[in-house]
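First the structure, in the form of structure tokens, and then the observations on it.
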Amino acid sequence: MADSVANTHSLLTLSGVSKHFGGVDALSDISIAFEAGKVHALVGENGAGKSTLGKLILGIHRPSGGTIALDGKDISIEEPAAALRLGLVGIAQELSLMPRANVMDNIALGREVTRRGLVDRAATLKAVKDVMDRYDMRLDPFAIVGDLPMAERQKVEILRALSRDARLIIFDEPTARLATHQAKQLLGLIRALAAAGKAVIYVSHFLDEILEVSDTITVLRNGRLISTRPASVETRATLVAGVTGQDYQSQFPPLPPAPADGAPLVRVRNLTAKGVFEGINLEVRPGEIVGLAGLVGAGRSEVAHAIYGALAVDSGEIEFDGKPLTGPIRRRIDLGMAMIPESRRDQALFLGRPILENIALPYLKRFSRLSWLNKRAEKASVETAAANTAMKFGALSDRADTLSGGNQQKILFARAAIGRPRLLIADEPTRGVDVGAKRSIYQMIAKLAAEGEAILLISSEIEEIMGLSHRVVVLSRGRVAAQLQGAALTEKAVIEAAFSGG
Amino acid sequence: MQRAMNFTRTYGILIVTVLMFIALALTTDGFATWRNFRNILDQQSTVLIAASFLTIATIAGNFDVSVSAVYVTAPLVALVVENATGNVPLAIVAAIIAGLAMGLFNGIVVSRFRINSFIATLATSFMFFGAGYLVSDRSLMRPVSDAYPMLARSQFLGLTSATWVSFAMVIIASVLLTQTRFGRNVFATGGNPEAARIAGVNVPRVQIATFALLATAAAIAGVINSSRSLSAQPSDDFSFVFAVLTAVIVGGTSIAGGQGAVWRTVVGAFFLAFMSNGFNLHQIDPIWQRLIEGLVILIAVGIDAWTQRNSR
Ligand SMILES: Nc1ncnc2c1ncn2[C@@H]1O[C@H](COP(=O)(O)OP(=O)(O)OP(=O)(O)O)[C@@H](O)[C@H]1O
Ligand SMILES: [Mg+2]
């Protein structure tokens with residue numbers, strides 16, 4: 001088996017590798033070779049085993065079986081530090097930077113230049129600047145990482161990898177948090193890394209990106225390797241077929257008709273939070289899907305947070321169901337609001353707690369009397385909600401962090417489904433979700449609208465906004481730049497408004 | 001293999017405690033006797049009462065050093081009232097109100113002003129110790145009624161009332177944590193405060209409640225201690241909180257928050273109690289006891305960290 005995949009150029013070869021977690025076979029009998037100077041993409045559904053494969057190479061997990069060879073020699077990667085020493089580094093699906101430290105310290109972490117045991121800051125700065133120059137990725141070395149936008153933070157991670165003399169770099173869904181033009185930039189960078197002789201492993205659910213950036217594409221399904229082929233012979237349709245095991249279908253379900261001009265469920269008037277957004281006017285009717293478009297940083301999530309009560313405003317009004325809306329988040333949830341926040345890890349999940357508790361948390365009142373929980377009723381409700389989202393999991397009592405990224409996202413949908421809210425705010429609801437599951441999330445959103453829920457959809461994917469919204473409100477620099485619907489609602493109009501600067 | 005690993009990780013401290021129990025029972029004269037167990041239970045009662053509720057506060061992501069100060073000061077309040085009125089129930093109520101007030105103060109300082117809980121409660125400790133000196137006029141206090149000493153010393157079904165109170169408090173803490181909405185909110189608050197807030201949990205209120213419960217429990221433990229020793233004395237002795245914290249940590253509740261259980265703390269407390277009881281029965285020099293105890297705590301924490309890493 002090993003001979004069939006290895007060849008003289010292979011930097012890293014996996015032969016017959018498998019990984020089990022308890023009863024779950026995350027990977028079985030994987031044989032794959034990664035070559036220097038090539039971008040090798042991994043595609044597959046949520047839970048297919050892509051991240052697990054990367055984690056085996058990075059020493060985060062150890063294989064249950066099979067061998068890994070570097071430059072033709074068998075190696076055992078005992079821990080992350082060992083992987084680093086071998087030049088195997090990862091850009092994590094969720095970034096792992098020190099937010100309060102500056103760019104330089106983050107890049108140099110663990111590799112500071114020292115003299116007589118003390119850090120030589122001048123020499124360290126020079127080393128950091130050298131790496132920035134060599135790869136033409138310049139950042140202010142003294143900027144605090146937590147203040148940087150996501151795209152820049154990612155560059156810090158990449159620079160850190162490069163400064164460690166990486167030979168193989170794994171990108172696990174690096175564009176999931178980026179706006180389109182930033183993603184384009186990153187893809188250029190990845191090509192440059194390959195040109196500089198690095199082996200790159202690229203994991204993504206964006207098939208167009210994959211086709212654009214990679215040399216070789218491997219499809220994984222249920223922990224098995226389905227195919228490894230040159231990117232030149234693949235198309236969107238062959239990849240979708242490979243990933244889902246089904247033929248290609250249109251991504252977007254038919255939308256229910258837009259509601260007639262009824263009274264809006266939410267009406268936002270002149271809402272202002274100084275320095276964040278200004279004079280926002282916005283309405284969502286029951287049964288209507290309103291897309292909130294704009295560039296990353298335009299203030300979309302902030303407006304959503306303000307409506308949800310998670311961000312204080314300076315002036316303006318929010319009406320819900322014809323009545324002025326005030327009070328804390330709890331009150332708004334009780335009135336029928338639900339939010340799927342942008343960052344599942346920071347704002348939504350309790351990774352160390354059971355899936356069940358993660359789903360039920362905002363609605364415990366329904367399953368309790370005088371604070372006493374009726375666990376049977378809770379479990380029944382959660383089971384139904386989880387089944388409706390096609391989440392893949394072992395048991396509801398498993399910890400949330402045993403789920404793959406996309407299945408973690410489905411926890412949030414299951415949570416919202418239990419609430420049966422009247423207004424659902426979905427902020428980047430398909431982040432990290434595979435093509436098949438995306439379609440089911442789109443169907444879920446369309447179905448909720450058909451049942452009369454008002455939906456405010458925030459997305460950085462223009463196709464998602466176009467394919468799913470009755471009406472689109474475009475924000476630019478904290479102001480409403482355009483409200484588009486009907487014939488005026490075109491991709492071009494949305495993009496122009498987004499870039500208009502308010 | 002994986003399953004065995006998970007099992008050891010979850011029940012490791014329980015297994016070790018049971019093994020030690022068996023070893024001591026087989027090798028040590030006077031260990032496996034009813035009399036000895038009754039004494040151990042009685043001695044552990046004050047630690048268990050406070051540790052059950054420190055577990056809750058720890059899971060909510062906070063630490064409370066002022067447990068010692070409340071433990072010292074609340075019984076002084078009780079005895080001042082008792083000396084003045086001779087009314088024991090009133091004395092208990094006064095101590096509980098004092099504990100509750102100190103806990104609310106801690107909770108408000110930590111949650112509203114967002115001060116690190118360790119530092120905030122270190123500061124409030126000195127205030128509470130100071131209050132103890134004030135109410136007692138810096139002197140040792142003794143109960144005047146015959147009823148006060150009986151609070152901890154009455155016998156029921158062969159166990160002391162102190163033991164029964166500790167059982168009740170352990171059960172209350174455990175039920176609160178595992179069977180109520182409040183318990184879920186505690187885990188959420190400690191596990192990911194921002195996600196808890198977004199999910200509609202009133203994070204400051206949960207934190208205040210955990211501090212208030214803990215200080216109330218510490219006040220009850222203090223009253224029991226004073227009833228047992230027939231006196232209370234103002235001091236600024238921090239040792240109680242460390243005994244309590246050790247039980248929580250050895251049991252395996254994570255100081256990072258969001259993870260843990262009351263049963264763990266109970267097992268942790270008995271692990272430590274059996275160990276020191278074994279030392280005493282073997283007449284080992286107390287200096288060596290300390291050294292070995294420290295080592296065992298390190299090993300317990302080390303094993304925990306090791307299994308956590310290797311389960312990945
Ligand atoms: N630490 C773990 N413990 C138990 N099961 C795990 C663990 N990590 C991953 N798994 C399981 O292994 C399988 C593969 O997960 P993995 O994260 O590799 O998927 P993925 O292909 O990266 O998916 P996604 O596209 O959603 O990120 C899933 O069924 C997942 O639940
Ligand atoms: Mg993944």
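Taking (1) more than 14 Å from every other protein chain (Cβ to nearest Cβ); (2) in a helix (DSSP H, G or I) in turn, B:Ala32 satisfies each apart from (2).
For the structure I just gave you, tell me whether A:Leu351 is part of a loop (DSSP other than H, G, I, E, B) and either over 30 Å from A:Gly23 (Cβ atoms) or hydrophobic (A, V, I, L, M, F, W, C) (or both). Judged against the criteria, A:Leu351 is a match. Filtering segment A:195-218 to residues that are assigned to a strand (DSSP E or B) and within 15 Å of ligand 2 (Cβ to nearest atom) leaves A:Ile201, A:Tyr202, A:Val203, A:Thr218. Where helices (runs of 4 or more DSSP H) sit wholly within segment B:155-264, those with at least 1 residues that are within 11 Å of chain A (Cβ to nearest Cβ) occupy B:161-179, B:181-191, B:193-198, B:203-229.
Results for (1) assigned by TED's automatic domain parsing to the domain that holds A:Ser460; (2) over 18 Å from A:Asn46 (Cα atoms); (3) within 10 Å of ligand 1 (Cβ to nearest atom), shown as yes or no for each residue.
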position	(1), (2), (3)
A:Leu364	no, yes, no
A:Arg369	no, yes, no
A:Ser381	no, yes, no
A:Thr384	no, yes, no
A:Ser397	no, yes, no
A:Asn407	no, no, yes
A:Ile411	no, no, no
A:Gly432	yes, no, yes
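The rows are residues; the columns are (1) surrounded by fewer than 21 Cβ atoms within 10 Å (Cβ to Cβ); (2) within 14 Å of another protein chain (Cβ to nearest Cβ); (3) within 16 Å of ligand 1 (Cβ to nearest atom).
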{"site": "A:Val145", "(1), (2), (3)": "no, no, no"}
{"site": "A:Met150", "(1), (2), (3)": "yes, no, no"}
{"site": "A:Asp165", "(1), (2), (3)": "yes, no, no"}
{"site": "A:Leu189", "(1), (2), (3)": "yes, no, no"}
{"site": "A:Leu211", "(1), (2), (3)": "yes, no, no"}
{"site": "A:Val219", "(1), (2), (3)": "no, no, yes"}
{"site": "A:Gly223", "(1), (2), (3)": "no, no, yes"}
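Taking residues in segment B:54-82 that are surrounded by 24 or more Cβ atoms within 10 Å (Cβ to Cβ), and partners anywhere that are among the charged types (D, E, K, R), the pairs with Cβ atoms closer than 8 Å and at least 6 places apart or on different chains are B:Leu54/B:Asp64; B:Thr55/B:Arg264; B:Ala57/B:Asp64; B:Ser68/B:Asp237; B:Ala69/B:Asp236; B:Val72/B:Asp236; B:Val72/B:Asp237; B:Leu79/B:Arg142.
Considering every residue within segment A:438-454, establish whether at least one is out of contact with any strand residue (DSSP E or B) (no Cβ under 6 Å at 6 or more places or on another chain), within 16 Å of ligand 2 (Cβ to nearest atom) and part of a helix (DSSP H, G or I). Yes - at least one qualifying residue is present in segment A:438-454.
Could you run through segment B:1-44 and say how many residues are in contact with a strand residue (DSSP E or B) (Cβ under 9 Å, 6 or more places away or on another chain), modelled with pLDDT under 90 and closer than 30 Å to B:Arg228 by Cβ?
Result for segment B:1-44: 0.
Can you name the residue in segment A:90-120 that is more than 16 Å from ligand 2 (Cβ to nearest atom) and small (Gly, Ala, Ser) and is also surrounded by the most Cβ atoms within 10 Å (Cβ to Cβ) among such residues? Step by step, filter segment A:90-120, then rank; the result is A:Ala108.
In segment B:128-138, the qualifying residues are those that are touching a residue at least 24 places away in the same chain (Cβ under 8 Å) and out of contact with any Asp or Glu (no Cβ under 9 Å at 6 or more places or on another chain), and the one that is farthest from B:Pro204 (Cα to Cα) is B:Arg138.
The combined condition, being over 26 Å from A:Tyr442 (Cβ atoms) and assigned by TED's automatic domain parsing to the domain that holds A:Glu491, is not fulfilled by A:Gly262. Applying the criterion of being within 13 Å of chain B (Cβ to nearest Cβ) and within 16 Å of ligand 2 (Cβ to nearest atom) to the residues of segment A:348-398, the residue that is farthest from the chain's Cα centre (by Cα) is A:Leu351. Can B:Thr55 be described as at pLDDT 95 or above, farther than 23 Å from B:Phe182 by Cβ and of a type outside the set (A, V, I, L, M)? Taking the combined requirement at face value, the residue does not satisfy it. Residues of segment A:284-342 that are out of contact with any helix residue (DSSP H, G or I) (no Cβ under 8 Å at 6 or more places or on another chain), part of a strand (DSSP E or B) and under 17 Å from A:Leu271 (Cα atoms): A:Val284, A:Ser315, A:Gly316, A:Glu317, A:Glu319, A:Lys323, A:Pro324. For segment A:413-430, the set of residues classified as outside any loop (DSSP other than H, G, I, E, B) and within 13 Å of ligand 1 (Cβ to nearest atom) is empty.
Looking at A:Ala360, A:Ala312, A:Ala306 in this structure, which one is in the same structural domain as A:Val474 (by TED's automatic domain parsing), within 26 Å of A:Lys410 (Cα to Cα) and among the aliphatic types (A, V, I, L, M)?
After applying the criteria, what remains is A:Ala306.
Annotation note: of A:Ser15, A:Ser96, A:Ser51, the sole residue that is of a type outside the set (A, V, I, L, M), touching a residue at least 12 places away in the same chain (Cβ under 8 Å) and in a strand (DSSP E or B) is A:Ser15.
The values are calculated or read from the model by the stated rules, or taken from the named source; none is laboratory data. From a predicted model like this one, the values you see are computed outputs, not experimental measurements. Positions of Cβ are backbone-derived with ideal geometry, glycine not excepted, and every protein chain shown enters the neighbour counts.
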